[in-house]
Amino acid sequence: MNNQNTPVHINLWHKDFWLIALAHLCLSISVYMFIPVLPVWILNKGTYTFADMGYMLCAFAVGLWLFGPFCSYLIQRYRRNIVCVLSIFLLIVSTLSLYYEPFLSRVFPHIPVMVLLRLLSGMCYGLAQLILGSTLLNDTCESFLRTEANYSASWFQRFSLALGPIFGIVAYTLSIGLNGVLCISSLCAAFAALLILSVRFPFRAPEERVKVVSLDRFFLPQSFPLYVNLHLIVIVVGLLLSLNTTVLFYCMIMCGFLLSLICQRVVFQNANLKSEVISGLIMLLCAILLLKFVHVNTICYVAPLFIGISYGLIGSRFLLYFIRLSKHCRRGTAQSTYTLVCETGLFLGMGVGYGIFEANISSVLNLSMLLVVVSFIFYHFYVHQWFVSHKNR
């Protein structure tokens with residue numbers, strides 16, 4: 001664990017793994033489509049403010065956590081794939097409810113209704129992601145392949161952060177409204193459910209004394225320093241996403257993801273363990289500085305490219321940190337913790353960017369710069385050495 005080497009096994013890439021990985025991709029796309037679309041739609045209506053948009057985004061982030069303590073009980077008590085599919089179905093229902101927003105806002109106070117709908121969407125999406133990552137994915141592969149499986153599947157979800165907004169912007173533009181986005185988002189989520197149902201999972205008898213509320217498959221307490229460090233970094237990414245809603249921006253982020261994947265296999269394959277996160281933080285800081293001080297057309301290509309490379313390098317490395325910090329029986333819990341910190345950070349960052357700073361470029365970039373510097377100091381002087389001292393694998 002003193003270098004970046006990550007083994008590749010062709011045996012991992014069998015049919016069931018592909019189906020679950022693609023389900024990850026489709027489910028995340030269905031939610032990420034609303035990252036650029038929902039703020040534009042909400043703020044153009046004229047009945048909502050930036051603060052209201054911030055409440056909705058933060059409500060989604062809070063909702064991600066609410067089913068977490070019951071995740072272990074639900075998948076022990078019921079068929080885990082069925083619980084996941086039902087949560088996706090409820091996500092589709094809560095998403096399609098946005099179609100009736102004009103009617104609901106006439107009957108009920110419009111702000112609480114929208115906040116409640118986003119809270120419900122966050123709850124359903126959070127539960128589906130926890131079950132997919134902590135249980136169903138691991139059930140499709142041998143135990144010695146599970147670290148690579150988690151690592152590979154995380155890239156599918158990461159790609160969706162670029163692909164989802166691209167699909168959302170195109171659908172919103174072509175349909176001249178939200179209806180097209182709602183249809184495509186629901187179809188993506190439904191396709192994810194069908195992919196899950198097409199995989200045969202063996203029946204597992206529940207444990208004798210299953211706790212209704214548990215941290216198992218939900219949160220890994222001993223990872224708290226890693227959680228705080230990654231949370232600060234992902235909040236910065238969320239803040240930066242609140243500044244741009246163009247297809248070009250997300251296309252360049254996708255290019256950054258692809259470059260970071262290549263760099264991990266070529267540049268960082270046998271590099272020092274600390275180099276990947278440090279390089280990612282430096283590139284993220286460079287992206288912020290370019291957006292703040294350089295005003296030429298090429299910046300719209302270079303800055304999001306740097307953001308994609310940075311998030312790809314840091315996100316994939318921290319996932320391995322979480323997994324290697326946990327014991328073998330807590331691998332699913334480590335994966336769930338990582339998923340929660342990434343999803344929560346993104347939506348909280350966007351919530352702060354819209355709700356507090358009203359997407360003001362200067363204010364958002366100043367806070368982003370501060371958080372990156374704090375994250376760099378925290379990681380370099382404390383978190384890295386703490387991880388090396390506490391890792392189990």
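The values are calculated or read from the model by the stated rules, or taken from the named source; none is laboratory data. Since the structure is predicted, the reported quantities are computational estimates derived from the model, not experimental observations. Cβ: placed from backbone, ideal geometry, glycine included. Neighbour counts: every protein chain shown. Note: accessible area is taken over every heavy atom of the protein model, side chains too, but ligands, DNA and RNA are not part of it. Shrake-Rupley method; radii C 1.70, N 1.55, O 1.52, S 1.80 Å.
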message = Looking at (1) hydrophobic (A, V, I, L, M, F, W, C); (2) crowded, with 21+ Cβ neighbours inside 10 Å; (3) within 16 Å of K391 (Cα to Cα), which one does C329 not meet, given that it meets all the others?
response = (2)
request  = Would you check which residues across region 44-69 are open to solvent by 30 Å² or more (accessible area, probe 1.4 Å), more than 27 Å from G133 (Cβ to Cβ) and part of a helix (DSSP H, G or I) and list them?
outcome  = N44, K45, F50, A51, Y55
Single residue of region 289-345 satisfying the filter (aromatic (F, W, Y) and within 17 Å of L161 (Cβ to Cβ)) that is nearest to the chain's Cα centre (by Cα) = Y338
message = Restricting to region 332-351, and then to whatever is in contact with a Cys (Cβ under 8 Å, 6 or more places away or on another chain) and within 19 Å of N244 (Cα to Cα), can you tell me which residue is most open to solvent (accessible area, probe 1.4 Å)?
response = L348
note = Per the filter on region 101-160, residues more than 23 Å from I314 (Cβ to Cβ), among the hydroxyl-bearing types (S, T, Y) and open to solvent by less than 30 Å² (accessible area, probe 1.4 Å) are S121, T135, T140
inquiry  = Residue pairs, Cβ under 8 Å, 6 or more apart or interchain, first in region 347-362 and among the hydroxyl-bearing types (S, T, Y), second part of a helix (DSSP H, G or I) and open to solvent by less than 10 Å² (accessible area, probe 1.4 Å). List them.
reply    = Y354/P39; Y354/M53; Y354/G54
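Conditions tested, residue by residue: (1) touching a residue at least 40 places away in the same chain (Cβ under 8 Å); (2) part of a helix (DSSP H, G or I); (3) farther than 20 Å from I196 by Cα.
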{"position": "I92", "(1), (2), (3)": "yes, yes, no"}
{"position": "S97", "(1), (2), (3)": "no, yes, yes"}
{"position": "P102", "(1), (2), (3)": "no, yes, yes"}
{"position": "I111", "(1), (2), (3)": "yes, yes, yes"}
{"position": "M114", "(1), (2), (3)": "yes, yes, yes"}
{"position": "R118", "(1), (2), (3)": "yes, yes, yes"}
{"position": "M123", "(1), (2), (3)": "yes, yes, no"}
{"position": "L127", "(1), (2), (3)": "yes, yes, no"}
{"position": "I131", "(1), (2), (3)": "yes, yes, no"}
